[in-house]
1. Compute and list, largest first, the equivalent-ellipsoid semi-axes of chain B from the alpha carbon gyration tensor, each √(5λ) rounded to a whole angstrom.
2. If you count, for every residue in A:150-162, the Cβ atoms of partner chains within 10 Å of its Cβ, what is the mean?
3. How long are the semi-axes of the equivalent ellipsoid of the range A:1-136, defined as square roots of 5 times the Cα gyration tensor eigenvalues? Whole Å, largest first.
4. I'd like the mean, over residues of A:132-142, of how many other protein chain beta carbons sit within 10 Å of each residue's own Cβ.
5. In percent, how large is the relative contact order of the range B:163-257, given Cα pairs closer than 8 Å and 6 or more residues apart?
6. For the range B:117-267, what are Rg and Dmax over the alpha carbons, in angstrom?
7. Among the aspartates and glutamates, which have Cα under 18 Å from the Cα of A:LYS263 when same-chain residues fewer than 8 positions away are ignored?
8. Between A:ARG230 and B:CYS158, what is the spin-label point distance in nm, taking each point 7 Å from the Cα along the Cα→C-beta axis?
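What follows draws every value from the coordinates through simple rules; no lab data is involved. All figures in this text were calculated on a predicted structure; none of them were measured in a lab. All Cβ positions, even for glycine, are placed from backbone atoms using ideal geometry, and neighbour counts span all protein chains on display.
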Number of protein chains: 2
Amino acid sequence: MAKLFEKSVKGLLIDITGVLYDSGHNNAIKGSINAVKLLSERNIPHKFVTNESQVNRDGLVAKLRRAGFDLNPDQILCPVMVCRQYVLSKGLRPHVLVHNDVKCEFEDLQSTEANCVIIGDAHKFFTYDAMNDAFRALMKMKEPLILSMGKGKYYEDCGKLTIDLGAFTAALEYAADAKTVIIGKPSKEYFNMALESLGLKADEVIMVGDDINADIAGAQSNGIRAVLVRSGKYRAERDENHVSIKPNHIVNNLEEIVNMVIKHLDS
Amino acid sequence: MAKLFEKSVKGLLIDITGVLYDSGHNNAIKGSINAVKLLSERNIPHKFVTNESQVNRDGLVAKLRRAGFDLNPDQILCPVMVCRQYVLSKGLRPHVLVHNDVKCEFEDLQSTEANCVIIGDAHKFFTYDAMNDAFRALMKMKEPLILSMGKGKYYEDCGKLTIDLGAFTAALEYAADAKTVIIGKPSKEYFNMALESLGLKADEVIMVGDDINADIAGAQSNGIRAVLVRSGKYRAERDENHVSIKPNHIVNNLEEIVNMVIKHLDS
């Protein structure tokens, strides 16, 4: 524990699903509402960094407010907005395979003669026809390109393991021999954007998450200390003694690490 | 060409879709009805070896008869029957993700506490829910195992490129970290079964197909000479000068190679 604060900590990056609330039921996780309140009251720099792509940023804020969190859109980095920025900055023409609720984010972009396919967690909109449409769009490209909002294998939805968008991305990669750019954790670019929006350097920040791969390994490989929470998709038998991934610390919930950081800053 | 018959040819293995008829429309390809008739009249050993898994063997025979072919079930090796034999021989308990028309082939098998997932070309039955059901079945297994009836990337269906079962297999492999056994071309076991049913050795046989990977490379890597037909999914620009796969010969259609074999046998 002493080691975690060996170098001073100035801010936090915090995952949302499984750290603030449970997926599906959308109930706040014990202590997390208070933890977010403490961060604001103490003016501790923090951003929420999520791979959630079933909703856009406004939808996410609405969801969090319903769960009891007092949050603003500019506190959140989510792949839907970053993907949109990426497409605009590169002048790409996307074919879009996303949840109906986030289609609006891409509707104004040119999509004729598409030169990339954007994949989000379309959930029930991952239909056979939608997969074929995306596949055919890729097959028409000279260099088939997928922009995938994360590449998760699965997540827990209303208590049930559910196949994540990474699997559908893998399917299209295989069928069309496509190349994939990941927009989200654990990509370097995504963590860099988060640090930039915080105005801090990698070694001044702690990432807090429930995903041993995207959050913990992802942050560490970008020079950011990473703390695992025992909530969300965390599983003791798999995560506490992982063969290769070692969190810098493990806490029961977000409130615990926030209190530790406050104590560290006060000392 | 002389090289093709340098060693004597005693029999043929013949792909069905794209060689006998076109997928989707199910029209016989020019000359193929006559070619099949010639093989029977001349008593030349031959078997039809397909990766078609949208129908079972009886369904396939019915389809071929409607297209004008005079064929019997025992002339055909198809992955649905081989998969059933594989499951029975290993005492496996399958969860089944296949086209509704072939479900009947597996209905009598024990499926509680499944220890493998069978994937066929389910076509429109590759729904989000069906993918999740198969994924959850895999996640309950100690060693997640997929039996995939081929692992094609795509095929032409009514003139449209259509995503093949290999992509959905890749999705489930990725999500559940599963191992896959391929039941169909280009697997060694499948070609061996075909040779056994012909009663001939690899170097006595020619494989005729339209798929540069499953048919041509598959046969050759099992010591079988391979002839590509310019029908079905054949594409001149891709297949005629393939960087690594070189058919032993290329013909316009099945009738052409059958006439060549007859001439060879008569000489």
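1. For chain B, the semi-axes come out at 33, 18, 18 Å.
2. Working: counts 0, 1, 1, 6, 7, 0, 0, 1, 0, 0, 2, 7, 5.
Neighbouring Cβ atoms belonging to other protein chains average 2 per residue here.
3. Values: eigenvalues 221, 62, 35 Å².
Values for the range A:1-136, descending: 33, 18, 13 Å.
4. For peptide A:132-142, the averaged partner shielding equals 3.
5. Working: 113 pairs, mean separation 20.2, N = 95.
Relative contact order for the range B:163-257 comes out at 21 percent.
6. In order Rg, Dmax, the Cα atoms of the range B:117-267 give 18.0, 60 Å.
7. The reachable aspartates and glutamates, counting only those whose Cα sits under 18 Å from A:LYS263, are A:GLU6, A:GLU41, A:GLU204, A:GLU255.
8. 5.6 nm
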